[in-house]
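Report on the structure given below.
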Amino acid sequence: MRVLVVGSGGREHAICWALKKSPKVTELFCAPGNGGISEIATCVDVKATDIDGMVAWARENNMDFVMVAPDDPLAMGMVDAMEAAGIRAFGPRANAAIVEGSKAFSKELMKKYGIPTAAYEIFTDMEAALRYVEEQGAPIVVKCDGLALGKGVVVAQTAEEAKEAVRNMMENKAFGEAGAKVVIEECMTGPEVTVLAFTDGKTIVPMPSSQDHKRAFDNDQGPNTGGMGAISPCPNYTSDHAKTCMETIFLPTVNALNAEGRTFKGVIYFGMMLTPKGPKVVEYNARFGDPECQAVLSLLETDLMDILEACVDGTLGDLNVAWKDAASCCLVLASGGYPVAYEKGKEITGLDAVSDAVVFHAGTKKENGKFYTNGGRVLGVTAVAPDLRAAVDKAYAAAQPISFEKMHFRSDIGYHILDAQ
């Protein structure tokens with residue numbers, strides 16, 4: 001099969017790495033890809049959000065299958081467009097990808113179908129939103145309705161901080177039209193956990209749990225990022241939690257979307273909080289998380305191509321999806337200044353010296369045989385071991401030889417969770 005993966009980050013590198021193992025995949029392409037991906041797939045110079053361009057390229061180059069990985073093209077309807085062109089494509093159609101594309105939609109869906117989540121209100125009028133913050137007090141959470149590269153969420157510790165977030169989103173347009181509507185919700189407490197799940201719209205197959213580390217600096221300090229590292233499985237997520245989540249969150253969500261005529265096929269991301277009153281949904285995403293994808297796919301034993309096809313064909317219930325009895329850690333090496341201002345074009349050294357780990361490239365480019373930084377999150381050093389502490393230790397050890405100017409990373413990925421056990 002000739003397979004195209006759409007996207008350019010660490011998630012897409014992990015997906016390409018997993019697909020490369022499949023005997024079904026005879027030729028692998030990635031658009032636009034990155035420096036690391038170029039070593040295992042043919043990179044194609046088409047933007048991930050160029051729907052018409054991507055469909056035209058896929059058709060002209062006889063792609064048998066397209067895996068759409070990022071949120072933007074999914075929300076824009078790339079899967080719909082591929083299907084209309086007669087090309088098999090993995091990922092939710094636009095009317096199902098709205099679970100990520102609109103937080104207001106998701107909250108209303110959960111409310112309608114009794115899926116546990118934080119209490120909330122939705123606002124299109126800024127003054128009304130500011131009054132609500134004043135009434136509710138803090139801590140309180142302010143979210144952009146639309147897609148904001150994982151950054152349109154503020155967990156405000158004071159009412160003034162919440163009001164500033166509202167003004168920033170609605171008046172200053174910090175996130176463009178994504179902030180024209182905001183969701184303001186109660187601040188839940190408890191450990192956070194991510195569960196990604198494959199679904200064909202009928203069957204749902206949860207992957208091993210994971211935990212992302214969003215804050216830029218140690219001890220969960222600093223601004224939110226796209227993710228500074230991930231571990232899998234999450235120590236706080238028990239078999240009892242898994243049973244409860246399947247009964248009260250996972251299946252009800254898939255069934256709710258079916259009932260709304262929005263059948264979801266693809267990977268659905270359940271971001272949850274294990275509150276004193278039980279697991280509750282923080283957010284849905286319509287695709288693999290990044291860097292959770294790198295950690296979780298490292299544990300997959302079943303052929304990923306078999307799973308993607310089963311989701312598209314509606315035969316996931318016939319497939320046994322197997323995982324390693326192990327743990328993994330993905331440590332993100334980022335550019336200095338990320339997630340605010342950072343420089344690109346710094347030469348990366350030491351990659352050849354990495355052993356016993358996989359380095360997934362996120363923001364890199366390759367020129368004349370050398371790798372250079374080309375984004376905020378640059379690399380994801382990912383290791384697998386029999387237990388979580390060993391996996392974390394191994395990832396940090398593997399990252400030691402790697403260097404580029406102003407490189408920074410958290411020194412506590414996984415450790416602060418393990419030490420709190």
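Observations on the structure shown:
- The chain, accessible surface, carbon-and-sulfur percent (1.4 angstrom probe): 47
- Model label points for Glu171 and Ala322, set 7 angstrom from Cα along the Cα-to-Cβ axis, are 6.0 nm apart.
- Near-label residues of the range 1-33 by backbone N, under 15 Å of a point 7 Å along Cα→Cβ of Lys344: 8-10, 32-33
- Between the listed residues Leu19, Leu4, Leu74, the Cα displaced farthest toward the positive end of the dipole of the range 1-133, a dipole computed from Cβ unit charges relative to the Cα centre, is found at Leu19.
- Cβ charges +1 (Lys, Arg) and -1 (Asp, Glu), total dipole of the range 172-216, debye: 140
- Accessible surface ranking for Lys280, Lys243, Lys143, 1.4 angstrom probe, highest first: Lys243, Lys280, Lys143.
- Order of exposure, largest accessible area first, which applies to Asp306, Asp325, Asp145 with probe 1.4 Å: Asp325, Asp306, Asp145
- Global form of the range 285-421, assessed from the alpha-carbon gyration tensor, a/c cut-off 1.5: prolate
- Stretch gain in nm, segment Asp356-Thr124, where the contour uses 0.36 nm per residue and the Cα spacing is subtracted: 78.4 nm
- Annotation: per residue accessible area for the range 272-421 equals 40 Å², rounded to a whole number [probe 1.4 Å, protein chains only].
- Cβ charges +1 (Lys, Arg) and -1 (Asp, Glu), total dipole of the chain, debye: 200
- Relative to the Cα centre, the charge distribution of the range 80-174, modelled as +1 at Lys and Arg Cβ and -1 at Asp and Glu Cβ, gives a dipole magnitude of about 380 debye.
- Solvent exposure of the range 60-215, expressed per residue, is 40 Å² of accessible area, with all protein chains present and a 1.4 angstrom probe.
- Beta-bridge orientation, the chain: approximately 80 percent antiparallel, per DSSP, counting only bridges with both partners inside.
- In a fully extended conformation the segment linking Glu405 and Ser239 would gain 55.4 nm over its present Cα-Cα distance, using 0.36 nm per residue.
- Förster radius 35 Å - calculated FRET efficiency between Thr315 and Glu260 (Cβ-Cβ, nearest 0.05): 0.90
- Tensor-based shape of the chain (alpha-carbon gyration tensor, a/c under 1.5 rounded, otherwise prolate or oblate): rounded
- Computed with a 1.4 Å probe over protein heavy atoms only, the accessible area of Ile204 comes to about 20 Å².
- Inter-centroid distance (Cα atoms) of the range 224-270 relative to the range 322-401, Å: 26
- Cβ-derived FRET efficiency at R0 30 Å, Phe217 paired with Tyr132, nearest 0.05: 0.45
- Choice from Gly152, Gly337, Gly226 showing the highest fluctuation, given a GNM over the chain with Cα pairs closer than 10 Å: Gly337
- Area of Ser38 that stays accessible when all protein chains are in place (1.4 Å probe, Å², to 10): 50
- Computed from the C-beta positions of Met1 and Asp45 and an R0 of 22 Å, the FRET efficiency is 0.50 to the nearest 0.05.
- Which listed pairs, of Lys103/Lys370; Lys214/Lys265; Lys107/Lys173; Lys173/Lys366; Lys21/Lys280, have C-alpha distances above 30 Å, in listed order: Lys103/Lys370; Lys173/Lys366; Lys21/Lys280
The values are calculated or read from the model by the stated rules, or taken from the named source; none is laboratory data. For clarity, every value in this text was computed on a predicted model and none was experimentally measured. Here Cβ is always computed from backbone atoms with ideal geometry, including for glycine, and neighbour counts include all displayed protein chains. Side chains are part of the model used for accessible areas, which takes the heavy atoms of the whole protein and leaves out ligands, DNA and RNA. Shrake-Rupley method; radii C 1.70, N 1.55, O 1.52, S 1.80 Å.
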